[in-house]
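The values are calculated or read from the model by the stated rules, or taken from the named source; none is laboratory data. If you're wondering where the values come from, they're calculated on a predicted model, not measured in any experiment. Reconstructed Cβ throughout: ideal geometry from the backbone, glycine too, with neighbour counts over all protein chains shown.
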Amino acid sequence: MTEGRTAEAKRWRWGQAAALLVGLGILVWWILSKMTWRSFLIQALNGLSFGAVLFFLASGFTLIFGLMRITNLAHGGFYLVGAYIGISMMALVGNFLLALVVAAVAVMFLGLFTERILLRPIRGMEKPEVLLTIGLTFVLGDVSLAIWGGDPTPVPIPQVLTGPLTFGSFAYPRYRLFVLACAIVVGAVLFYVDRKTRIGAIVRAGVDDREIVAALGINIQAVFTGVFMFGAFLAGFAGVIGGGFLSVLPGQDFEILLFALVVVILGGLGSLPGAVLGATLVGLIDSFGKALVPELAFFTIFAPMALILVVRPQGLLGRAG
Amino acid sequence: MLKRLSLTARVKLVLLAGAIAVGIALPYMVPQFFVGLATLALILGLFSMSIDLLGGYAGLVTLGQAGIAAAAGYGVGYMANRVGAGHLTQILVGLALGLLVSAIFGAMAMRADGVYFMMITLAQGMIVWGLSMRLTHITGAENGLTGIIRPPVIGLYWQFYWFVLGVVLLCSLALYVVVHSPFGSAVRGLRESEARMRMLGYNTALQKFYVFMVAGFFATLSGILLVYLNQFISPSAAHLTASALGVLQAILGGLGTLVGPMIGSFILVAFQNVVSQYLERWPTLMGLTFIVVILFAQKGIVGAVSKSWYAWLRRRGRDEELSEVARQEGPVALESSESA
């Protein structure tokens with residue numbers, strides 16, 4: 001690429017960013033003309049906390065795809081199973097932290113089974129892998145229905161996290177703030193591991209070129225399994241955390257999967273920053289959409305997805321090709 | 001004239017003629033319940049064929065085709081239930097809505113391929129599902145739309161069966177013409193190597209859009225037929241479960257063949273009916289079937305049959321016949337040679 005073209009590309013990028021900012025400004029101004037500052041803040045926090053749950057899901061999904069090119073559509077099923085195990089653990093021992101860990105670890109082993117037993121024979125065949133994970137989702141959803149029944153139930157949350165937190169005259173549910181804090185911590189850890197540690201370097205190198213990483217004497221198969229298990233862990237984690245404020249019910253596996261897919265399509269498949277951006281956007285769009293145009297709840301996430309696919313098919317932060 | 005055809009072609013023709021004859025005679029042979037099941041299987045087979053055109057011929061596996069069929073069904077249902085319009089209007093609105101949704105979805109997905117295409121179409125189909133759950137005043141949400149009555153000419157179950165049979169045969173013929181046309185070759189080229197097609201000067205995105213529209217048209221027809229069969233439509237018609245069932249039918253029968261989806265459809269409809277008499281866990285069984293088919297039988301039933309036919313011919317030492325069979329299009333694996 002020549003010097004001139006690089007500069008031009010840079011200018012083009014700045015232009016895009018400026019257009020995006022102006023558009024966002026107009027949008028915020030329009031929303032504020034429709035609601036008070038207080039309800040704006042509440043909706044924004046609602047959106048961000050939902051986005052936090054989507055981030056747990058989408059980051060695992062995107063990591064698995066980025067490294068192994070496996071599109072694990074069973075991620076929604078993992079979420080649901082995690083949430084149900086969380087409910088059972090709460091009924092059994094009543095300790096939220098323990099329930100969280102047990103559910104996440106159980107789903108992690110479900111991930112191990114999926115990767116080692118089910119997906120191994122068709123490794124590298126991308127479309128069969130996708131279809132197999134869909135079949136797995138049906139099984140997980142239906143077996144959950146058989147075990148836990150069809151009534152919507154929330155994951156019980158501990159006493160400390162119930163009730164609102166008040167700042168002066170502004171009150172907001174503690175639990176949702178806790179979810180948001182969790183996402184920030186998990187996100188920070190993920191970025192640190194990804195950018196600063198040896199294992200992160202191996203994963204990033206694996207994303208770029210699996211064969212070379214294997215040739216360097218690294219057991220790439222073990223890395224694959226590890227990342228898949230970690231993604232499943234995050235999905236189970238998301239199930240318990242999300243189940244605390246989104247009720248758990250049959251069919252939610254597909255609904256949450258839809259949101260996670262829109263997140264990665266918007267943010268860019270295989271990109272961790274893309275998952276952050278996509279989850280934030282989808283959470284906010286969904287929340288404000290429900291508040292402003294409740295009838296069009298699903299259309300509000302569909303429209304931006306359509307726009308992105310036409311203007312920038314690789315997603316906002318995805319790499320072309 | 002028959003003599004000049006190869007043995008394989010003759011066997012195929014006889015089987016096809018036999019199947020059509022049984023199809024026509026069916027209402028005389030079995031009770032109403034089974035005719036109803038056969039109608040359902042025919043409609044789902046047509047739906048599955050539209051998926052196969054994309055997944056088997058173009059190499060673009062769609063997971064949202066039920067969204068298109070359901071949109072058409074909702075068009076019919078809305079006109080019947082909420083507007084009270086005549087049958088012609090119902091059908092025209094259903095067609096228009098199905099094609100409109102196909103065009104929007106096609107335009108969104110035409111630059112994608114592989115798993116990205118699957119994800120996009122999955123999201124599209126589920127958004128139709130989500131919208132039909134929320135737009136209560138149009139779709140009736142989970143209660144769905146009732147009061148959709150068939151036109152009087154095809155009102156009785158056997159009349160409707162024959163009508164569906166006729167439509168499905170015509171559609172199969174049309175699809176046969178499509179896949180054997182130059183356009184069909186270009187579509188298969190997309191499956192084999194999109195990059196090379198682009199090198200040859202094809203606008204591959206536009207090709208994908210066209211084939212998406214053709215598939216969308218047949219999905220639309222199946223959606224209209226289905227809503228007249230059930231005389232009811234609810235959001236589950238658009239759900240991923242419906243789309244995935246269509247994909248499973250196509251793979252189970254044999255992807256990349258026109259007869260495969262129909263065979264898969266009859267088997268799964270029969271299987272589902274037998275199973276649901278004994279236990280309620282159909283989704284589990286469907287999921288397990290999915291897993292087993294993907295792991296062990298990606299070329300489906302047609303693949304297995306043509307393999308043993310090939311072996312039989314070889315044992316008989318019919319060499320010129322063998323080369324004839326080898327030249328013909330068999331079922332294709334899900335993964336094209338390029339991306340594997």
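Please give the helices (runs of 4 or more DSSP H) falling wholly within region B:256-336 in which 1 or more residues are on the phi > 0 side of the Ramachandran plot. Even if it seems obvious, please write down each step before you answer.
On the way: elements: B:259-278, B:282-296, B:300-316, B:319-327.
Those helices (runs of 4 or more DSSP H) span B:300-316.
Taking region A:282-321 as the search range and keeping residues that are more than 18 Å from A:LEU41 (Cα to Cα) and polar (S, T, N, Q), which one is modelled with the lowest pLDDT?
A:GLN314
Can you say whether B:GLY23 is surrounded by fewer than 20 Cβ atoms within 10 Å (Cβ to Cβ), farther than 22 Å from B:ILE104 by Cβ and either in contact (Cβ under 8 Å) with a residue 24 or more places away in the chain or under 21 Å from the mean Cα position of the chain (by Cα) (or both), as far as the supplied structure shows?
Details: surrounded by fewer than 20 Cβ atoms within 10 Å (Cβ to Cβ): yes; farther than 22 Å from B:ILE104 by Cβ: yes; either in contact (Cβ under 8 Å) with a residue 24 or more places away in the chain or under 21 Å from the mean Cα position of the chain (by Cα) (or both): yes.
Criteria met by B:GLY23.
Could you run through region B:98-120 and say how many residues are assigned to a helix (DSSP H, G or I) and either within 19 Å of A:GLY318 (Cα to Cα) or in contact with a strand residue (DSSP E or B) (Cβ under 6 Å, 6 or more places away or on another chain) (or both)? Let's see the steps before the verdict.
Narrowing region B:98-120 to residues assigned to a helix (DSSP H, G or I): B:98-109, B:114-120.
Cutting the leftovers down to either within 19 Å of A:GLY318 (Cα to Cα) or in contact with a strand residue (DSSP E or B) (Cβ under 6 Å, 6 or more places away or on another chain) (or both) gives us B:108-109, B:114-120.
So the count comes out to 9.
Consider only pairs whose beta carbons are under 8 Å apart and that are at least six residues apart or on different chains; among these, list those whose first residue lies in region A:121-134 and is within 7 Å of chain B (Cβ to nearest Cβ) and whose second residue is of a type in the set (Ser, Thr, Tyr).
Pairs that qualify, where the first residue is within 7 Å of chain B (Cβ to nearest Cβ) and the partner is of a type in the set (Ser, Thr, Tyr), are A:GLU126/A:THR71; A:GLU126/B:SER339; A:VAL130/A:THR71.
Just a yes or no: is a residue in region A:3-15 modelled with pLDDT of 85 or more and in a helix (DSSP H, G or I)?
Initially, region A:3-15 is screened for residues modelled with pLDDT of 85 or more, giving none.
Looking for residues that are modelled with pLDDT of 85 or more and in a helix (DSSP H, G or I), one finds none in region A:3-15, hence no.
What do you reckon, is A:TYR175 in a helix (DSSP H, G or I), free of Cβ contacts under 8 Å to residues at least 12 places away in the same chain and of a type in the set (Phe, Trp, Tyr)?
Judged against the criteria, A:TYR175 is not a match.
If I ask for residues that are more than 9 Å from chain A (Cβ to nearest Cβ) and either under 25 Å from B:LEU175 (Cβ atoms) or crowded, with 22+ Cβ neighbours inside 10 Å (or both), which ones from region B:273-304 would you list?
Passing the criteria: B:ALA297, B:LYS299, B:GLY300, B:ILE301, B:VAL302, B:GLY303, B:ALA304.
Can you tell me how many residues within region A:209-244 are of a type in the set (Val, Ile, Thr) and either free of Cβ contacts under 8 Å to residues at least 12 places away in the same chain or part of a loop (DSSP other than H, G, I, E, B) (or both)? Let's see the steps before the verdict.
We begin by selecting, within region A:209-244, every residue of a type in the set (Val, Ile, Thr); these are A:212-213, A:218, A:220, A:223, A:225, A:227, A:240-241.
From what's left, either free of Cβ contacts under 8 Å to residues at least 12 places away in the same chain or part of a loop (DSSP other than H, G, I, E, B) (or both): A:212-213, A:218.
Number satisfying all stated conditions: 3.
Look at A:GLY206 and say whether it is in a helix (DSSP H, G or I), under 21 Å from A:GLY270 (Cβ atoms) and touching a Ser or Thr at 6+ places or on another chain (Cβ under 8 Å). Lay out the reasoning, then the answer.
Working: in a helix (DSSP H, G or I): yes; under 21 Å from A:GLY270 (Cβ atoms): yes; touching a Ser or Thr at 6+ places or on another chain (Cβ under 8 Å): no.
The answer is no for A:GLY206.
Tally time: how many residues in region B:111-135 are farther than 21 Å from B:LEU206 by Cβ and within 7 Å of chain A (Cβ to nearest Cβ)?
Keep residues of region B:111-135 that are farther than 21 Å from B:LEU206 by Cβ, which gives B:115, B:119, B:122-123, B:125-135.
Next, from what is left, pick out any that are within 7 Å of chain A (Cβ to nearest Cβ): B:115, B:119, B:122-123, B:126-127, B:130-131, B:134-135.
Matching residues across region B:111-135 total 10.
Looking only at region A:288-299, count every residue that is of a type in the set (A, V, I, L, M) and either at the interface with another protein chain (Cβ under 8 Å from one of its Cβ atoms) or outside any helix (DSSP H, G or I) (or both) and tell me the total. Before you say what the answer is, go through the steps one by one.
Step one: of region A:288-299, the residues of a type in the set (A, V, I, L, M) are A:291-293, A:296-297.
Cutting the leftovers down to either at the interface with another protein chain (Cβ under 8 Å from one of its Cβ atoms) or outside any helix (DSSP H, G or I) (or both) gives us A:293, A:296-297.
Residues flagged as of a type in the set (A, V, I, L, M) and either at the interface with another protein chain (Cβ under 8 Å from one of its Cβ atoms) or outside any helix (DSSP H, G or I) (or both) within region A:288-299 amount to 3.
Residue-by-condition table, conditions (1) in a helix (DSSP H, G or I); (2) in contact (Cβ under 8 Å) with a residue 40 or more places away in the chain; (3) over 18 Å from A:ASP194 (Cβ atoms):
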position: A:GLY274; (1), (2), (3): yes, yes, no
position: A:ASP286; (1), (2), (3): yes, yes, yes
position: A:ILE301; (1), (2), (3): yes, yes, yes
position: A:PRO313; (1), (2), (3): no, no, yes
position: A:GLY318; (1), (2), (3): no, yes, no
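So in region A:258-281, with the set limited to residues that are surrounded by fewer than 24 Cβ atoms within 10 Å (Cβ to Cβ) and under 19 Å from A:ALA44 (Cα atoms), which one is nearest to the other protein chains (Cβ to nearest Cβ)?
A:LEU281
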